[in-house]
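Chemist: There's a structure below that I have some questions on.
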Amino acid sequence: MTTSDADRLVVVGLGYVGLPLVVEAVRAGVSVTGFDVKGATVDGLNAGRSHVDDVSDAVVAEIVAAGFRATSDASCLDEADAVIICVPTPLDGDGAPDLGAVRAATATIRDHLHAGMLVVLESTTYPGTTDGPVREILEESGLVAGRDFHLAFSPERIDPGNPVWGMRNTPKIVGGLTPACTERAASFYGRIVDTVVRVSGPREAEMAKLLENTYRHINIALVNEMAVLSHELGVDLWESIDAARTKPFGFQAFYPGPGVGGHCIPIDPNYLSHHVKSLGYEFRFVELAQEISSRMPEYVVERLARSLTARGASLSGARVLLLGVTYKADIADERETPARDVVRALRVASASVLAHDPLVAEFSVDGSPVHMVSDLDEALGACDVAVLLQAHSVYDLEHIASVAPQVFDTRGKMRGPNVERL
Ligand SMILES: NC(=O)c1ccc[n+]([C@@H]2O[C@H](COP(=O)([O-])OP(=O)(O)OC[C@H]3O[C@@H](n4cnc5c(N)ncnc54)[C@H](O)[C@@H]3O)[C@@H](O)[C@H]2O)c1
């Protein structure tokens, strides 16, 4: 088996994870082809258009000029030295891991697998996926992992919208099926990231990613629950968190909010909890965190109702303007955004819901569109209450507080006589 570095790379799945990886690899001088089943994504990229927040059209044009091509033709795998799988790992209708895309992508690779190839899975998943289903599907080719081809897991740690930590300066964990697999994968990633962290196998690498996300999930739920209690106790939790974070050791600050969203936090820990359930164990921390954080959108609406009632008004019929509907500040991704549950609860309460988001043109909940306003000042002046769900950095929060009659701030960023914080 050849142990040369991967000069011809195919990235399978060109989304939030795959596309930034393509960019770094092209910039490192690797010859990269992107394979994706979605024709619109492939056509857009080849025409120089990005569909991912952190990658601009100019950067797509740059990599296309450097030789990058996207395709839906799997024959590109025939010539590949390395292939990296970055396809989605959602939950199915019952909340169980849905490895459908991973299995489909692996089967595609199997049909083009050749001796000496390096196959890396980056999609977040439960420990045992790489040396279980992925290995089994690949070995249907007749080639043996660790002997005829290299197989490894390397979790993606991308933080969309983070201007400081990107693909290159975030250490990359690599765990191969054999020490040679680890070395081959580490040698490849060493070309595109500053630091590679080797672990003894794919399971340790898979678990490291789930540990990181479960840690966030649990700590966010902890402060969400403390926010509810703090309100009852008349405590400004935001101030307490800022005070606690002055401790130089043993504490990391997490902040409450209107609920958790995105692909990672509400989903990944379930990969672990459902998997261990199938082995007869309960992962109680995860279940509890899920329960607490999923109640936050309703709690926000409850607080709004109380606040309006205290001012002699009613949530029923009130014009509520939601500010920021994405799951995270400064990105356009609305996957699993808690804004949807906030809208649902407001509709149940018969409020009139409007929304503004500089990054989102259309926003629907349960098939029914939310009226998106374009003139922010006019909408602020006309609403009964504005609810800051996502503090996009383009929002001038002082100005918002000065124009809106009342503000409910779920991010703890605003102050003022007409501002109530979560
Ligand atoms: N988005 C994040 O912030 C983030 C961070 C870390 C890890 N991850 C993990 O990375 C993985 C990918 O996430 P993402 O956010 O990039 O997803 P995404 O939905 O943005 O992109 C996935 C891409 O894979 C393509 N695809 C689906 N099935 C395919 C197949 N069989 N063959 C080829 N292409 C296929 C889709 O068309 C899509 O373009 C997930 O496991 C996710 O948990 C995501």
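Chemist: Just how large is the dipole of region 97-161 about the Cα centre, in debye to the nearest 20, putting +1 at every Lys and Arg Cβ and -1 at every Asp and Glu Cβ? Intermediate values should be presented prior to the final figure.
Modeler: On the way: 5 positive and 10 negative charges, 18 e Å.
Here the size comes out at about 80 debye.
Chemist: If a/c stays under 1.5 just call it rounded; otherwise compare a/b with b/c (prolate if a/b is bigger, oblate if not). Do that for region 209-256, with a ≥ b ≥ c from the square roots of the Cα gyration tensor eigenvalues.
Modeler: oblate
Chemist: Quick check: pseudo-label points 7 Å beyond the Cα along Cα→Cβ at Ser316 and Lys413, how many nm apart are they?
Modeler: Those two pseudo-labels are separated by 3.4 nm.
Chemist: Could you work out the mean projected area of the convex hull around the alpha carbons of region 204-322, in square nanometres to one decimal?
Modeler: Averaging across all directions leaves 10.2 nm² for the Cα convex hull.
Chemist: Shape call for region 278-365 from the C-alpha gyration tensor, a ≥ b ≥ c root eigenvalues: rounded (a/c under 1.5), prolate (a/b greater than b/c) or oblate?
Modeler: Numbers: a/c = 2.78, a/b = 1.42, b/c = 1.97.
It comes out oblate by the Cα gyration axes.
Chemist: Express as a percent, rounded to the nearest 5, the fraction of DSSP beta bridges in region 62-182 (both residues included) that run antiparallel.
Modeler: On the way: 3 of 12 bridges.
Of the beta bridges lying entirely in region 62-182, close to 25 percent run antiparallel.
Chemist: A further question on this structure: Measure out, as a whole number of angstrom, how far apart the alpha-carbon centroids of region 10-38 and region 291-363 sit.
Modeler: 36
Chemist: A further question on this structure: Nearest 0.05, what FRET efficiency do Glu136 and Ala58 give at R0 = 51 Å with Cβ-Cβ as r?
Modeler: That gives a FRET efficiency of 0.75.
Chemist: Would region 78-221 count as rounded, prolate or oblate if I go by the C-alpha gyration tensor, calling it rounded below 1.5 in a/c and otherwise prolate when a/b exceeds b/c, oblate otherwise?
Modeler: oblate
Chemist: Placing +1 at every Lys and Arg Cβ and -1 at every Asp and Glu Cβ, with all other atoms neutral, what dipole size does the chain have around its Cα centre, in debye to the nearest 20?
Modeler: Roughly 700 debye, rounded to the nearest 20.
Chemist: Based on the alpha carbon coordinates of region 1-107, what radius of gyration and maximum Cα-Cα distance (Dmax) apply, in Å?
Modeler: Final numbers for Rg and Dmax: 14.1, 44 Å.
Chemist: Mind pulling up the Rg/Rh value for region 325-422? Radius of gyration and Kirkwood radius, both on Cα.
Modeler: That ratio equals 0.92.
Chemist: Return the percentage of antiparallel bridges among DSSP beta bridges fully within region 11-102, rounded to the nearest 5 %. Walk me through the intermediate numbers first.
Modeler: On the way: 1 of 8 bridges.
Antiparallel bridges: around 10 percent, rounded to the nearest 5.
Chemist: State to the nearest 20 debye the size of the charge dipole of region 207-345 about its Cα centre, where the only charges are +1 on K and R beta carbons and -1 on D and E beta carbons.
Modeler: Roughly 160 debye, rounded to the nearest 20.
Chemist: Can you count the Lys pairs in the chain with C-alpha separation below 26 Å, eight or more apart or on different chains? Present the calculation step by step, with values, prior to reporting the outcome.
Modeler: On the way: Lys38/Lys328; Lys172/Lys209; Lys172/Lys328; Lys209/Lys277; Lys209/Lys328; Lys247/Lys413; Lys328/Lys413.
Final tally of qualifying lysine pairs is 7.
Chemist: Right, next: Just to be sure I understand the model, the point goes 7 Å from the Cα along the line to the Cβ. What's the resulting Ser350 to Asn219 distance in nm?
Modeler: Roughly 4.4 nm, to one decimal.
Chemist: Compute the signed sum of charges (Lys and Arg +1, Asp and Glu -1) over the other residues within less than 11 Å, Cβ to Cβ, of Pro90.
Modeler: Charge balance near Pro90 sits at -3.
Chemist: I'd like to know which of Val12, Gly257, Ser56 lies farthest towards the positive end of the charge dipole of the chain, counting +1 on Cβ of Lys and Arg and -1 on Cβ of Asp and Glu.
Modeler: Gly257
Chemist: Of the peptides 186-195, 252-261, how do they stack up when ordered by the mean number of other Cβ atoms within 10 Å, highest first?
Modeler: Result, highest mean Cβ count within 10 Å first: 252-261, 186-195.
Chemist: Under a no-solvent Debye model with one identical scatterer per Cα of region 234-294, what's log10 I(q)/I(0) at q = 0.12, 0.14 Å⁻¹?
Modeler: Debye curve over Cα of region 234-294, log10 I(q)/I(0) at q = 0.12, 0.14 Å⁻¹: -0.45, -0.58.
Chemist: Moving on to the next point. Which whole DSSP H helices in the chain pass both tests: a Cα extent of 18 Å or more along the axis and a mean Kyte-Doolittle value no lower than -0.5?
Modeler: 202-233, 296-310
Chemist: Given C-alpha coordinates of region 315-369, what is the ratio Rg to Rh with the Kirkwood estimate of Rh?
Modeler: My calculation puts Rg/Rh at 0.95.
Chemist: Among DSSP beta bridges whose residues both lie in the chain, state the antiparallel percentage, nearest 5.
Modeler: 10
Chemist: Would you compute, from DSSP H runs of 4+ residues alone, the mean residue ellipticity of the chain at 222 nm, taking -39500 (n - 2.57) per run and dividing by the full residue count, rounded to the nearest 500?
Modeler: Details: 14 runs with 155 residues, N = 422.
Computed ellipticity for the chain at 222 nm equals -11000 deg cm²/dmol.
Chemist: Select from region 340-414 those GluC sites (Glu not before Pro) which occupy a DSSP coil region and have at most 14 other Cβ atoms within 10 Å, ordered by residue number.
Modeler: Glu362
Chemist: With only alpha-carbon pairs counted, each pair once and no self-pairs, how large is the Kirkwood hydrodynamic radius of region 176-271 in angstroms? The partial results should precede the final answer.
Modeler: Details: mean 1/r = 0.0614 Å⁻¹.
For region 176-271, the Kirkwood estimate is 16.3 Å.
Chemist: First obtain the Kirkwood hydrodynamic radius of the chain from its Cα pairs, then insert it into the Stokes-Einstein equation at 20 °C and 1.002 mPa s, and state the resulting D in µm² per second as a whole number. List each step's numbers first, then the result.
Modeler: Values: Rh = 23.2 Å.
Here the translational diffusion coefficient equals 93 µm²/s.
Chemist: Using only the alpha-carbon atoms of region 169-220, report the extent along each of the three principal axes, biggest first, to the nearest angstrom.
Modeler: Projected onto the principal axes, the Cα atoms of region 169-220 cover 37, 24, 9 Å.
Chemist: How would you rank 103-110, 310-317, 201-208, highest first, on the average number of other Cβ atoms within 10 Å across their residues?
Modeler: Answer by packing, highest mean first, reads 201-208, 103-110, 310-317.
Chemist: Next question. May I ask you to order 62-68, 24-30 by the average number of other C-beta atoms within 10 Å around their residues, highest value first? All intermediate terms of the calculation are to be shown ahead of the outcome.
Modeler: Numbers: 62-68: 15.7, 24-30: 18.3.
Ranked from most to least packed, the peptides come out as 24-30, 62-68.
Each reported figure results from applying straightforward, stated rules to the coordinates on display, with no laboratory input. Because the structure is predicted, anything quoted here is derived from the model rather than measured. Neighbour counts run over all protein chains shown; Cβ positions are idealised from the backbone, glycine included.
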